[in-house]
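Okay, so here's the structure we're looking at.
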Amino acid sequence: MSPLARGQANGNDAGLPGDSPTMTDRVLILDFGSQTTQLIARRVREAGVYCEIVPFNADPARLAAFAPKAVILSGGPASVTLEDTPRAPESIFALGVPVLGICYGMQTLCAQLGGEVARSAHHEFGRAFLTVTAESALFEAISGAGGREQVWMSHGDRVVRLPPGFRAVGISDGAPFAAIADDARRFYGVMFHPEVVHTPHGGRLLANFVKGIAGCKGDWTMAAFRRQAIEAVRRQVGEGRVVCGLSGGVDSSVAAVLIHEAIGERLTCIFVDHGLLREGEAEDVARVFRDHYNIPLIQKEAGARFLAALAGHAEPERKRKIIGGLFIDVFEEEAQKLGGVDFLAQGTLYPDVIESVSFSGGPSVTIKSHHNVGGLPERMRLKLVEPLRELFKDEVRALGRELGLPERLVKRHPFPGPGLAIRIPGEVTAESLAILRRADAIFLEELERAGLYDAIWQAFAVLLPVRTVGVMGDERTYDRVCALRAVTSTDGMTADYYPLPHELLGAIATRIVNEVRGVNRVVYDVTAKPPGTIEWE
């Protein structure tokens, strides 16, 4: 993604439905603050159905204008038994479309439609088992009456009385109404979380709801999105000119190629090489965009300028602000030389849009502060073009393949805007950059050689601000420690460390210690990233 801030104002109303490309069938997900709401969207899209997430308290008129074929109410951390906790807009139940409530979503659905929810002495958190007690379209091709399904529960309240028209179709040890159905109105509820991997058939259940019950055709593909997004860019830009802040990462690269396909030479990419990139990355960006795609590209080498600005600064957020501010300055200098530019293109993704409108704030402010490096100055007076704002990361990769981008670029691991500077705790120097860049390259080379690069979401080296005493040959050394991280994820919202084989770790460590002067010890990070914490970098 471009290091420019995501979701800036400048006339861009982010986060509410109605502004996205027109899809044949669309599902609306109302967010009550669950950490796994994004997973609901991912499962629905995996079924080939387009969906969007909005806060539960979004304007009802905008929700109706979205014209959903179905509505899903997410889980959430609140209790329906307390006053002033979130409720679904009453208008949702009058749309005449199917509604599925998940956990808190089921509880508020029941409470609002005449049922009763109470605190439970028997809480259910984690793996549980659901017994299907009656036939239901929700469990089509999953379980019939009497079937037993593993599910994932996370609730302290439970429904104790169903609203009129509902029947129980599933029970668990802690929930007498673990799955419910009102077939006449096509309203359903489940106390478990079908979106998580710990509910093995949860994806099938969601597909049953959006396709079998709601009648969505499941025809949302990257080919369809490509056509619609190109037309949307053409409508928005008209005869205007666009400048794109190209970082070399997947997001900004895919955005640039898509926009170029839409408007051709009226797109100019500006690549600010701040000297904080991975080994060979600047050359690769220029080769792909200037030579392969023939996209107008301005490459500004500014490494010395960034390094001078960072001198003497060790605090991470201060380094971010320095990099972000200087990036904007350099970018603006180059953009002004072009003249007559009307739009700024960014590789904003859907998780960024969701975070920007989170109803509870939650961790999103921390995430954006942690991940972004700058803001779009008002003086630039450019309107934003964000063609990827409806996509998750893996969908961006799929779009990149649809557009014909080189596989090495499409599968490239995520890389933060501030680059290697935030992988060097402490002051950034030319020496520390050289050490980290080579160690990082060796790590990635060995993962490629072992055939593991594609199995890992993100892998990188960190140059720790500590030194250790060691013996190399006949000499005593006092050099740096290099930490390695390799994590698995789907969209970066949660992650776990990748269990690299000990033999491979040994080979990587040996190469780094032998080939990178200044490092005498290598360690491997095995921490995980739970939902709601800041992004891996």
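The values are calculated or read from the model by the stated rules, or taken from the named source; none is laboratory data. Note that the structure is predicted; figures quoted are calculated from it, not measured. Neighbour counts are summed over all protein chains in view; Cβ atoms, including those assigned to glycine, are modelled from backbone coordinates with ideal geometry. Note: accessible area is taken over every heavy atom of the protein model, side chains too, but ligands, DNA and RNA are not part of it. Shrake-Rupley method; radii C 1.70, N 1.55, O 1.52, S 1.80 Å.
Beta bridges assigned by DSSP with both partners in the chain are antiparallel in approximately 50 percent of cases. Computed from backbone phi with θ = phi - 60° and the Karplus coefficients 6.51, -1.76 and 1.60, the 3J(HN,Hα) list for the stretch 41-49 is 4, 5, 5, 5, 5, 4, 7, x, 10 Hz; x is used for glycine and proline. Per-residue Karplus couplings for the stretch 501-518, computed as 6.51 cos²θ - 1.76 cosθ + 1.60 with θ equal to phi - 60°, are listed in order as x, 4, 4, 5, 4, x, 5, 5, 4, 4, 4, 5, 5, 6, 9, 10, 5, x Hz, Gly and Pro entered as x.
What shape does the stretch 177-319 have by the C-alpha gyration tensor, where a ≥ b ≥ c are the square roots of the eigenvalues, rounded means a/c under 1.5, and otherwise prolate means a/b greater than b/c and oblate the rest?
Numbers: a/c = 3.40, a/b = 1.78, b/c = 1.91.
It is oblate, given that a/c is not under 1.5 and a/b is not larger than b/c.
For T429 and T85, the FRET efficiency from 1/(1 + (r/R0)^6), where r spans their Cβ atoms and R0 equals 56 Å, is about 0.60. Dipole of the chain computed with +1 at Lys/Arg Cβ and -1 at Asp/Glu Cβ about the Cα centre; of W457, G275, F225, farthest Cα towards the positive end is F225. In this simple spin-label model, placing a label point 7 Å from the Cα along the Cα-to-Cβ direction at both A137 and R467 gives a separation of 7.1 nm.
Given R₀ = 45 Å, what would the calculated FRET efficiency be for R227 paired with H502, taking r from the Cβ atoms and rounding to 0.05?
Details: r = 48 Å, r/R0 = 1.07.
Once rounded, the FRET efficiency stands at 0.40.
Each peptide among 460-469, 63-72, 82-91, 204-213 gets the average number of other Cβ atoms lying within 10 Å of its residues, and from highest to lowest they stand as 204-213, 63-72, 460-469, 82-91. Computing the accessible area with a 1.4 Å probe over protein heavy atoms, can you report the carbon and sulfur percentage for the chain? That fraction is 51 percent.
Accessible area, 1.4 Å probe, largest first: how do L138, L505 sort?
Details: L138 0, L505 35 Å².
Result of the area sort, largest leading: L505, L138.
Would you mind classifying the stretch 170-246 by shape? Square roots of the alpha carbon gyration tensor eigenvalues, ordered a ≥ b ≥ c; an a/c under 1.5 is rounded, otherwise it is prolate if a/b is larger than b/c and oblate if not. It is prolate, given that a/c is not under 1.5 and a/b is the larger ratio. Near K383, which lysines are there with a Cα under 21 Å away, not counting those fewer than 8 places off in the same chain? The qualifying lysines are K337, K368. Spin-label model, D394/D454: points 7 Å from Cα along the beta carbon direction are separated by 1.4 nm. Counting charges near H313 (Lys, Arg +1; Asp, Glu -1) among other residues having Cβ under 9 Å from its Cβ returns a value of 0.
Would you mind pulling out the separation of the Cα centroids of the stretch 289-310 and the stretch 190-204, in Å? Measuring centre to centre over Cα atoms gives 46 Å.
Note on F125 and N294: the extension gain reaches 55.4 nm, defined as 0.36 nm multiplied by sequence separation minus the Cα-Cα distance. Which one of L39, I422, V285 is farthest out on the positive end of the charge dipole of the chain, using unit charges on Cβ (Lys, Arg +1; Asp, Glu -1) and the Cα centre as origin? About the Cα centre, the residue reaching furthest to the positive side is L39. Here's how it looks for I298: its modeled amide H is under 5 Å from those of C269, I270, F271, which are all 5 or more places away or on a different chain. In this simple spin-label model, placing a label point 7 Å from the Cα along the Cα-to-Cβ direction at both R185 and R318 gives a separation of 5.9 nm. Here the extension length gained between E445 and R408 equals 12.0 nm, from 0.36 nm per residue of separation less the Cα-Cα distance.
Which whole-number percentage describes the relative contact order of the chain, with Cα contacts under 8 Å and a sequence gap of 6 or more? Kindly include the intermediate steps, with their values, before the conclusion.
Working: 1123 pairs, mean separation 75.3, N = 537.
For the chain, the relative contact order is 14 percent.
Looking at the stretch 131-290 alone, DSSP beta bridges between its own residues are antiparallel in about 75 percent of cases. Considering every Cα-Cα pair within the chain, what fraction, in whole percent, is farther apart than 42 Å? Here the tail beyond 42 Å accounts for 27 percent of pairs. Protein heavy-atom accessible surface, 1.4 Å probe, per residue over the chain: 39 Å².
Quote the charge dipole size of the chain about the Cα centre in Debye, to the nearest 20; the model charges only the Cβ of Lys and Arg (+1) and of Asp and Glu (-1). It works out to roughly 220 debye. Close amide H partners of V519, meaning residues 5 or more places away or on another chain with modelled amide H under 5 Å apart, are R480.
For the pair E116 and R62, the difference between a 0.36 nm per residue extended length and the Cα-Cα distance amounts to 16.5 nm.
Starting from the Cα gyration tensor of the stretch 281-348, take the square roots of the eigenvalues, sort them a ≥ b ≥ c, and report rounded, prolate or oblate (rounded when a/c is under 1.5, otherwise prolate if a/b is larger than b/c, else oblate). Prolate is the answer for the stretch 281-348, as a/c is 1.5 or above and a/b outweighs b/c. Distant-in-sequence amide contacts of A178, defined by a placed amide H-H separation under 5 Å and a gap of 5 or more residues or a different chain, comprise G170, I171, S172.
P(r) for the stretch 378-502, from all Cα pairs and a bin width of 10 Å, is 10, 31, 32, 19, 6, 2, 0 %, short bins first. Distance between the C-alpha centres of the stretch 230-285 and the stretch 99-139: 46 Å, rounded to the whole angstrom. Applying the Karplus relation 6.51 cos²θ - 1.76 cosθ + 1.60 with θ = phi - 60° to the stretch 318-331 yields 3J(HN,Hα) values of 5, 4, 4, 5, 5, 5, x, x, 5, 4, 4, 4, 5, 4 Hz, where x marks Gly and Pro.
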